[in-house]
Amino acid sequence: MFDWITFTWDMEFALEILPQLLRAAWITLQATVVGFAIAVVVGLVLALARRGPRIVSWPVTFLIEFIRSTPLLVQLYVLYFILPLYGVSLSAFVTGVIGLGLHYGAYLSEVYRAGIEHVDKGQWEAAIALNFDRRRTWTNIVLPQALPPMLPMFGNYFIVMFKETPLLSAITVVELLQTAKIIGSRTFNYVEPYTLVGLIFLALSYPAALVVNRLEARFARQRQ
């Protein structure tokens with residue numbers, strides 16, 4: 001025979017803690033947006049450096065693979081607990097967004113690389129024929145054509161990053177999940193805070209997933 005556990009839902013308690021969870025959700029969103037902005041810049045820099053001379057591209061390639069092959073949690077621990085031993089001390093939030101940015105920047109560099117390689121060679125030849133310098137070639141011809149097909153992948157990584165922000169609690173960032181843990185440990189009621197956390201993540205990530213799906217469908221029609 002199985003023992004059935006009855007879960008009770010206290011609506012009054014859920015409404016009481018909801019404002020606190022929503023404030024924590026704002027911190028989670030801030031960490032995601034700032035971290036992703038860093039990742040977009042870092043990814044582009046890494047992708048361009050990888051196309052440089054071997055003396056630059058080889059170390060950059062190793063760095064990308066190293067970041068992609070090690071867990072984000074370990075990287076956060078290194079940034080927050082080990083770097084201060086060498087005089088680099090940052091707040092938990094700043095460390096968290098930098099960690100997210102570097103980690104996902106390595107992944108976005110591959111997205112950039114694929115998008116850049118997708119640009120037809122004739123476009124590069126046209127830039128040479130028009131006597132464009134390197135900067136104008138990239139800003140006027142290559143990136144405007146490479147970026148639109150990347151947007152769905154960018155959106156997917158943004159959603160994944162949003163769902164991985166609870167890892168920041170490991171370095172004392174009081175984000176959404178950490179707030180739920182604190183509420184649970186203080187009140188010994190875990191059903192309401194954790195359920196609300198799941199619903200908040202769903203409410204924020206599901207519309208973003210729909211936008212990404214529409215972008216993917218749109219670019220798929222354009223390629224036909």
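Using the alpha-carbon atoms, what tilt in degrees (0 to 90, nearest 10) does helix 11-50 show relative to the longest principal axis of the chain?
Roughly 20 degrees, rounded to the nearest 10.
Mean separation of Cα pairs under 8 Å and 6+ residues apart, divided by the residue count of the chain: what relative contact order is that in percent?
Details: 220 pairs, mean separation 64.9, N = 224.
Relative contact order for the chain comes out at 29 percent.
Roughly how many Å is it from the Cα centre of segment 75-108 to that of segment 143-163, as a whole number?
That distance is 23 Å.
Work out how far the C-alpha atoms of segment 12-223 reach from end to end along every principal axis, then list the three figures in whole Å, largest first.
Ordered largest first, segment 12-223 gives principal extents of 70, 48, 24 Å.
I'd like to know which of N189, T32, P149 lies farthest towards the positive end of the charge dipole of the chain, counting +1 on Cβ of Lys and Arg and -1 on Cβ of Asp and Glu.
P149
Net charge near I64: determine it from the other residues with C-beta under 12 Å of the C-beta of I64, scoring Lys and Arg +1 and Asp and Glu -1. Let's see the in-between values first.
Numbers: positive: R50, R68, R113; negative: E65, E110.
Summing Lys and Arg as +1 and Asp and Glu as -1 gives +1.
If the only charges are +1 at each Lys and Arg Cβ and -1 at each Asp and Glu Cβ, what is the size of the charge dipole of the chain around the Cα centre, to the nearest 20 debye? Write out the running numbers ahead of the final one.
Working: 17 positive and 14 negative charges, 204 e Å.
I would put it at about 980 debye.
Among L83, G115, L18, whose Cα lies farthest out toward the positive end of the dipole of segment 12-223, if unit charges sit on the beta carbon of Lys, Arg (+1) and Asp, Glu (-1)?
The Cα lying farthest towards the positive end belongs to G115.
Could you tell me how many degrees, from 0 to 90 and to the nearest 10, lie between the Cα long axis of helix 54-69 and the main elongation axis, the longest principal axis, of the Cα atoms of the chain?
Helix 54-69 sits roughly 20 degrees off the main axis of the chain.
By the scheme Lys and Arg +1, Asp and Glu -1, what is the net charge of all other residues having a beta-carbon under 12 Å from that of N140? Don't skip to the end; give the middle numbers.
Working: positive: R134, R135, R136; negative: D133.
Once positives and negatives cancel, what remains is +2.
Would you mind ranking L73, L79, L130 so that the residue whose beta carbon has the fewest other beta carbons within 10 Å leads the list?
Numbers: L73 15, L79 19, L130 11.
So the residues, fewest neighbours to most, are L130, L73, L79.
Among M150, M11, which comes first, then next, by fewest other beta-carbon atoms within 10 Å? All intermediate terms of the calculation are to be shown ahead of the outcome.
Values: M150 19, M11 8.
Ranking M150, M11 by Cβ neighbours within 10 Å, fewest first, gives M11, M150.
Nearest 10 degrees, 0 to 90: what angle lies between the long axis of helix 191-223 and the longest principal axis of the chain (Cα atoms)?
Between the helix axis and the principal axis of the chain, the angle is about 20 degrees.
Which order do V41, V111, V97 fall in if you start with the one that has the fewest other Cβ atoms within 10 Å? Walk me through the intermediate numbers first.
Values: V41 13, V111 22, V97 25.
Ascending number of Cβ neighbours within 10 Å: V41, V111, V97.
Computed from the coordinates by the stated procedures, all read-outs in this text should not be read as laboratory data. What you are looking at is a predicted structure, and each value in this text was computed from that prediction instead of being measured. FYI the Cβ positions are ideal-geometry reconstructions off the backbone, even for glycines, and counts take in every protein chain you see.
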